[in-house]
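Data block below; observations after.
The values are calculated or read from the model by the stated rules, or taken from the named source; none is laboratory data. Fair warning: this is a prediction, and the values are worked out from it, not measured in the lab. Note that each Cβ is placed from the backbone with ideal geometry, even for glycine, and that neighbours are counted across all protein chains shown. To get the accessible areas, we keep the full protein, side chains included, count just its heavy atoms, and leave off ligands, DNA and RNA. Shrake-Rupley method; radii C 1.70, N 1.55, O 1.52, S 1.80 Å.
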Amino acid sequence: MAGLPGSLVPSPFRVQRVRRETYDTFTIELEPANGADGFPFAAGQFNMLYVFGVGEVPISISGDPTKRQTLVHTVRAVGTVTQALRRLKRGDVVGVRGPFGTHWPVEEAVGSDVVVVAGGIGLAPLRPALYYLLSNREKYGRIALVYGARTLQDLLYKSELEKWRSHLDLEVEVSVDTAAASWRGNVGVVTTLIPRVQVDPFHTVALVCGPEVMMRFTVRELESRGIEPEDIFISMERNMKCAIGFCGHCQFGSTFICKDGPVFCYAEIQPFFAKREI
Ligand SMILES: Cc1cc2nc3c(=O)[nH]c(=O)nc-3n(C[C@H](O)[C@H](O)[C@H](O)COP(=O)(O)OP(=O)(O)OC[C@H]3O[C@@H](n4cnc5c(N)ncnc54)[C@H](O)[C@@H]3O)c2cc1C
């Protein structure tokens, strides 16, 4: 993270492309507008994206950490700022502060099996971790991606999911909560897929991101498979404002999500994880 006051001053980035992912979600690609070099980040980190005159929101980086020239975010348009982001066109300029926060422990997981569990938009912050794992495939044991969305229309990155499915050394399990009768895939919440995953629970690192209720049930299911709380990592995406631990908006027990998270080891936040607002 850049030091103060730099971390409070947004840098200008120009929109290269806005790509529709689903009816309410899009991927926005940005490049530095001031000719700056690429944008190094670690999988799991986020930026504050500022739409001038509208506001600023935290959004995880969803691109490939080895492709530093283009900064990629996948955004669900839910309110004022995210809808303004969706209206941006190629050539428009946004402010970027970051990268902020902790990252997925992909390097620490070398030698282990890895299970990635994503719910809905939660696949976006996990995608950089998947890129990393796949580009260093030989360093890991089994790798499984377990992904659930509400409906087929809510599934992100469909063509990429198909590509990942074609990898013989990556297990991909996808489910939707509800589907039309013509869907021949899995129907049910994402946790129902976890028992199928072929990993060695004593040598597995789990990376989890999605709605909090989904993460709670996922953690429970992972623990019942024998995966220890120390080996489960979750990304908490609760509302925040400053991203540098000043304003207290995102205080979570004794930690701040912006600077101590968003990626936490479950063992460390277990006592207050189940509380709705803390
Ligand atoms: C670390 C972090 C990473 C994030 N990464 C992504 C990402 O990759 N993609 C993405 O689409 N979103 C992400 N979010 C959520 C995103 O920041 C919010 O959706 C955004 O701030 C909403 O702003 P808005 O002005 O569009 O909506 P507002 O007009 O402020 O709010 C619209 C509605 O969304 C609710 N809301 C606002 N923020 C959140 C939140 N963080 N969690 C739950 N509900 C919220 C509000 O209470 C309100 O009901 C992330 C949040 C955090 C903290």
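Can you tell me which residue in segment 232-251 is surrounded by the fewest Cβ atoms within 10 Å (Cβ to Cβ), limited to those that are farther than 14 Å from Thr102 by Cβ and near the ligand (Cβ under 9 Å from one of its atoms)? Restricting to residues being farther than 14 Å from Thr102 by Cβ and near the ligand (Cβ under 9 Å from one of its atoms), the top hit is Asn239. Here segment 256-277 is the region considered, the condition is being surrounded by fewer than 22 Cβ atoms within 10 Å (Cβ to Cβ) and within 13 Å of the ligand (Cβ to nearest atom), and the residue that is nearest to Arg97 (Cα to Cα) is Lys259. If you go through segment 172-212 and pick out every residue that is in a loop (DSSP other than H, G, I, E, B) and touching a strand residue (DSSP E or B) at 6+ places or on another chain (Cβ under 8 Å), you end up with 13. Among the residues of segment 187-210, some residue qualifies, meaning at least one is in contact with a Gly (Cβ under 7 Å, 6 or more places away or on another chain) and within 16 Å of the ligand (Cβ to nearest atom).
Okay, residues lined up against (1) more than 17 Å from the chain's Cα centre (by Cα); (2) within 11 Å of the ligand (Cβ to nearest atom); (3) open to solvent by 20 Å² or more (accessible area, probe 1.4 Å):
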position: Arg19; (1), (2), (3): yes, no, yes
position: Glu29; (1), (2), (3): no, no, yes
position: Gly35; (1), (2), (3): yes, no, yes
position: Phe46; (1), (2), (3): no, yes, no
position: Phe52; (1), (2), (3): yes, no, yes
position: Ile61; (1), (2), (3): no, yes, no
position: Arg68; (1), (2), (3): yes, no, yes
position: Val75; (1), (2), (3): no, yes, no
position: Arg86; (1), (2), (3): yes, yes, yes
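Test of understanding: among Val93, Val114, Val9, Val54, which residue is over 23 Å from Val263 (Cα atoms) and in contact with a helix residue (DSSP H, G or I) (Cβ under 7 Å, 6 or more places away or on another chain)?
On the way: Val93 fails: in contact with a helix residue (DSSP H, G or I) (Cβ under 7 Å, 6 or more places away or on another chain); Val114 fails: over 23 Å from Val263 (Cα atoms); Val9 fails: in contact with a helix residue (DSSP H, G or I) (Cβ under 7 Å, 6 or more places away or on another chain).
Within the list Val93, Val114, Val9, Val54, the selection yields Val54.
Considering Ser235, Ser224, Ser254, the condition of being touching a residue at least 24 places away in the same chain (Cβ under 8 Å) and among the small types (Gly, Ala, Ser) is satisfied by Ser235 alone.
Taking the stated definitions as given, is Gly122 open to solvent by less than 10 Å² (accessible area, probe 1.4 Å), within 13 Å of the ligand (Cβ to nearest atom), within 30 Å of Tyr140 (Cα to Cα) and touching a helix residue (DSSP H, G or I) at 6+ places or on another chain (Cβ under 8 Å)? So Gly122 passes the test.
State whether the residues of segment 225-241 include one that is at pLDDT below 80, touching a helix residue (DSSP H, G or I) at 6+ places or on another chain (Cβ under 7 Å) and among the hydrophobic types (A, V, I, L, M, F, W, C). Steps first, please.
Taking segment 225-241 as the starting set, the residues that turn out to be at pLDDT below 80 are 238-241.
Cutting the leftovers down to touching a helix residue (DSSP H, G or I) at 6+ places or on another chain (Cβ under 7 Å) gives us 238, 240.
If we keep only those that are among the hydrophobic types (A, V, I, L, M, F, W, C) too, we end up with 240.
Yes, the conditions are met somewhere in segment 225-241.
Of all residues in segment 41-59, those that are within 13 Å of Ser235 (Cα to Cα) and assigned by TED's automatic domain parsing to the domain that holds Ala77 have Cβ atoms under 7 Å from Cβ atoms of residues that are of a type in the set (S, T, N, Q) and part of a loop (DSSP other than H, G, I, E, B), 6 or more apart or on another chain, in Gly44/Thr102.
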